[in-house]
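Each remark here refers to the structure printed beneath this line.
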Amino acid sequence: MKLAVITHVPHIQSQNQYFAYAPYVREMNIWGKYLDVFIIVAPIIQTEKTAIDIPYSQERIKFIEIQSISLLGLKAVFTAFFLAPKICWQIYKAMRQADHIHLRCPGNIGLLGCLVQILFPGKPKTAKYAGNWDPRAKQPWSYHLQKWILSNTFLTRNMQVLVYGQWEGCTKNIKPFFTATYSEKDKMLMKELDLKGKINFIFVGTLSSSKNPLYAIQLVEALLKKGYDLTLDLYGEGIERSVLVNYIESNGLEKIIVLKGNKNQERVKKAYQSSHFVILPSKSEGWPKAIAEGMFWGCIPIATVVSCVPFMLDYGERGLLLQMNLEQDTQQLETILNNKRAFNSKREKAMEWSQKYTLDVFEDEIRKLLIQ
């Protein structure tokens, strides 16, 4: 089988291998187990690979390089307008060669893919919508356009659209889905954690305003002022790093809050295993892997009410839903910190739920999509 994946994810070419963002590649490597040829349509960037870039395991790869486009700003839109025809032609040629078409959405390349796939009504197709599918969410017009095309069963035929969460009013081709990081063999008994000693928080994600790491820092700082013995480790890099460094230094938090940078999966896994809470005050999410990963190891998730997060946290039964009000959220956390029974109950429920979504189950679902 030949699968063509159309994605905006930037790739790095090094010594006849293609590297990209690790969580995305790990997922695509599972798809690759059931393929003869992997046709990848994506941008290539000239930079050194980092700790969070890994290679595809599929040996037979046909890579079609395209230019990256943006719709932010008049100049970018003007440039995208002139680049789009060539990119659409490259996408068309890849789709024509493929036995199965796979779109990665939302994204500008995904939008072009949504348009071109209309020309292939007979070919089996899937689309992974990794963003927030909530129809009420405030999102860029291009996201809404992608949702409309993918949901339109006249324009989009023979396709299953994989979305996070269950939403009312969806068309028959919309399939609730999930993602996974750990396998059945990774499962272990919940580690005992004491609330009387140091309490560890972990943040995993891009250091950007959309992920809101500053609020995570401020929440831990508020608890620190109330006398709790805490630490917060932040894993990830991003444009907000200097802002966070300045805040930490200005408020004398260097011994409490540490920016760890990008680390590999094993390092982050060990950090989850020794943490009491995983926190992600994100403004927008699809299926926040950091939250699901932390829950797998018994971390209590602390996250905002976006996308399918309320479902993941069972509306507060297995975690804490942030109100984005520092005083209210501090009180919520204090309630848990002062009640060990409630703390352990939420940990157990979080772990039990997350461990249902293993790589083994995930791979089986992908296999079903490909052999239908």
May I have the convex hull volume per residue, in Å³, for the Cα set of the range 184-354?
106
Would you pull out the residues with amide H under 5 Å of ILE64's amide H, same chain only if 5 or more places away, H placed 1.01 Å from N?
ILE40, VAL41, ALA42
Rh (Kirkwood, all Cα-Cα pairs) for the range 51-137, Å, reads 14.8
Just going by the charge dipole of the range 184-354, with Lys and Arg at +1 and Asp and Glu at -1 on Cβ, which of PHE277, SER250, LEU322 is farthest out on the positive end?
PHE277
Starting from the Cα gyration tensor of the range 144-254, take the square roots of the eigenvalues, sort them a ≥ b ≥ c, and report rounded, prolate or oblate (rounded when a/c is under 1.5, otherwise prolate if a/b is larger than b/c, else oblate).
prolate
How many angstrom separate the Cα center of the range 193-272 from the Cα center of the range 128-190?
30
When the chain is fully extended, how far beyond the present Cα-Cα distance does SER242 get from LEU326, taking 0.36 nm per residue of separation?
28.0 nm
Quick one: of the DSSP bridges fully inside the chain, what percent are antiparallel, nearest 5?
10
Report the trypsin sites (Lys or Arg not before Pro) located in the range 110-155 that are in a DSSP loop and have at most 12 other Cβ atoms inside 10 Å of their Cβ, or state none.
ARG136, LYS138
To the nearest 20 debye, what is the magnitude of the charge dipole of the chain about its Cα centre, counting +1 on the Cβ of each Lys and Arg and -1 on the Cβ of each Asp and Glu?
820
In the range 206-253, which trypsin sites (Lys or Arg not before Pro) fall in coil by DSSP and have 15 or fewer other Cβ atoms within 10 Å?
LYS226
Out of the GluC sites (Glu not before Pro) in the range 193-271, which ones are loop residues according to DSSP with at most 13 other C-beta atoms within 10 Å?
GLU254
Set of lysines with alpha-carbon distance to LYS138 below 19 Å, sequence-local pairs under 8 removed
LYS147, LYS211, LYS283
Length gained if ILE118 through ILE64 is fully extended, taking 0.36 nm per residue and subtracting the Cα-Cα distance, is 17.4 nm
Compute, for the range 184-354, the length of the dipole vector about the Cα centre, with Cβ point charges of +1 (Lys, Arg) and -1 (Asp, Glu) only. Units Debye, rounded to 20.
340
Sorted by Cβ density within 10 Å, fewest first, the residues ASP360, ASP134, ASP194
ASP194, ASP360, ASP134
Once you put a point 7 Å from the Cα of THR206 and another 7 Å from the Cα of ASP314, both along the Cβ direction, what distance in nm separates them?
3.2
Extension gain (nm, one decimal) between LEU189 and GLU352, 0.36 nm per residue minus Cα-Cα
57.6 nm
Could you tell me which of VAL220, ILE202, THR304 has its Cα farthest along the dipole of the chain towards the positive end, charges placed at Cβ (Lys, Arg +1; Asp, Glu -1), taken about the Cα centre?
THR304
Answer with one residue from THR7, VAL361, ILE91: the one whose Cα lies farthest towards the positive end of the charge dipole of the chain, charges on Cβ with Lys, Arg +1 and Asp, Glu -1.
ILE91
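Every number in this text was worked out from the coordinates using simple rules, so none of it is lab data. All values reported here derive from a predicted model rather than from experimental measurement. Here the Cβ is made from the backbone with ideal geometry for all residues, glycine too, and neighbour counts use every protein chain on show.
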